[in-house]
Amino acid sequence: MSVLNPAVLLCVYGFFSNLRPSEPFLTAYLLGPDQNLTETQVVNEIYPIWTYSYLALLFPIFLATDYLRYKPVLVLQATSLVVTYVMLLKARGMLAMQLLEFFFGLATASEVAYYSYIYSVVEPAHYQRVTGYCRSITLFGSAAGSLTGQLLLSVAKVQLVHLVIITLASAAVAFVAPWFLPMPKRSLFFHKSPGAAEEKPRSSSTALLDKDEDSERKLPPNSQDVSTISRSSETGSHRSGLVEVLRILFDDFLKCYRCRPLLAWSLWWALATCGYFQVINYAQALWENVRPSQDYEIYNGYVETLSTLLGALAALLVGYLPVCWSLWGELALCVLSLLMAVCVFVMDTIRNIWICYGSYILFRAIYMLLITVATYQIAATLNMQRYALVFGVNTFVALLLQSLLTVVVVDSAGLGLDVFTQFLIYGGYFAVISTVFLVAGLCKLASRRRSKQEDEVQEDKVLDDSRA
């Protein structure tokens, strides 16, 4: 029951906080009579605020989540979502919508509390199962919300403002769940359990600890012994000082990113996530230009539902793909990143809404597949504490790149380009990512071949010496 209660509450929260029927139609709502904003205001002045807010709040929220032990930040996220949809329903004008984007950025940055909370209240043996439940329910909630919105719009002929009301009601239901969660007594950095250092090494019943021991052998030979990291982390966790925690995080950061495979997957993670965020953030604006919602019926909800479900299916299929990622990873990233670039170029150049929809679905499915592979490849070499840090750093770098891209390409303070020119740049961006990993993959294969030839020469020399 101690595992079941928080898991059920987290699933309830994850489902209703992601049940957002209005989300696939947000751009149409802002451009329509309810808000009556211009495309330039929405695309170039309102949407960029989410990117900047997410970036600015990510690291402070990461530290606050651990220091406050998760639950208060979950309540903060739930509150931010309610405020967001109350403003979307009641507030008017560009400044109000910019403030709305700030609150949504706060809610997005606080997602770290949702995925971290469960690790503080259950034993490591339950991590994989409960994580699967929580992630699946959020995807199901997102897909159900998109489908509900589309059916209400197409079949029941409701107005867009009614979808916002339903989304607000769903956020209000989600707001209740975190209050009933038990308050954790420990966290990864500031409130680590006394005696954890002694108990964990002796425990042989959990797969997580086996992974920790394996990962210590996987780090590069030129790095310091990984046990030093663990001991320093455990010592610092008892002191619970901010400066000490930051020092430990920085030491772990340096040692983790010396591992070349981890660095390669993290590089793709950051680069691709930056481009992915830009495409999904501005796809609705592109569709509005191809097929205006004021003149035609739109099917954004079906597209979001299908792309979410196919993305989840692609993520599930990763474990069944007969690919040696350690050998062919870079070249696979090259080929699939190039396919993502093609999808974006097709969306931009072929002004047909059905082709745009299809390209978007394929784009999201490829990203979900690759990000799942990247997550697994990174997590396979790290323990819980370190991969929380690495995933946070990767997301921060992605947001930093996205903010730079937004300032230059999207924001009115920069070039303020129209949405078609933006997508042309995003397609080129993914083509550059593909080129980077093509070069990396070819260099890796050449290095392996050269190493193999040197080994063969050495073996021949040994055989000649033995005959002599």
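The values are calculated or read from the model by the stated rules, or taken from the named source; none is laboratory data. Remember, it's a predicted structure, so these values are computed and weren't measured experimentally. When we count neighbours, we look across all protein chains shown, and the Cβ atoms used for this are built from the backbone with ideal geometry, even at glycine. Accessible surface areas use protein heavy atoms only, side chains included; no ligands, DNA or RNA. Shrake-Rupley method; radii C 1.70, N 1.55, O 1.52, S 1.80 Å.
Of the residues making up the range 395-413, those that are more than 14 Å from the chain's Cα centre (by Cα), part of a helix (DSSP H, G or I) and among the small types (G, A, S) number 1. State whether the residues of the range 231-242 include one that is farther than 24 Å from T421 by Cα and at pLDDT 80 or above. The answer is no; no qualifying residue exists. Evaluated against (1) open to solvent by less than 60 Å² (accessible area, probe 1.4 Å); (2) part of a helix (DSSP H, G or I), L310 falls short on exactly one condition, (1). Elements of the type helices (runs of 4 or more DSSP H) sitting completely within the range 43-130 and holding at least 3 residues that are surrounded by fewer than 19 Cβ atoms within 10 Å (Cβ to Cβ): these cover 47-67, 71-90, 94-109.
Against the conditions (1) in contact (Cβ under 8 Å) with a residue 24 or more places away in the chain; (2) loosely packed, with under 14 Cβ neighbours inside 10 Å, V323 satisfies every one except (1). Identify the single condition in (1) surrounded by fewer than 21 Cβ atoms within 10 Å (Cβ to Cβ); (2) over 28 Å from T395 (Cα atoms) that V164 does not satisfy, given that it satisfies every other one. Single failed check for V164: (1).
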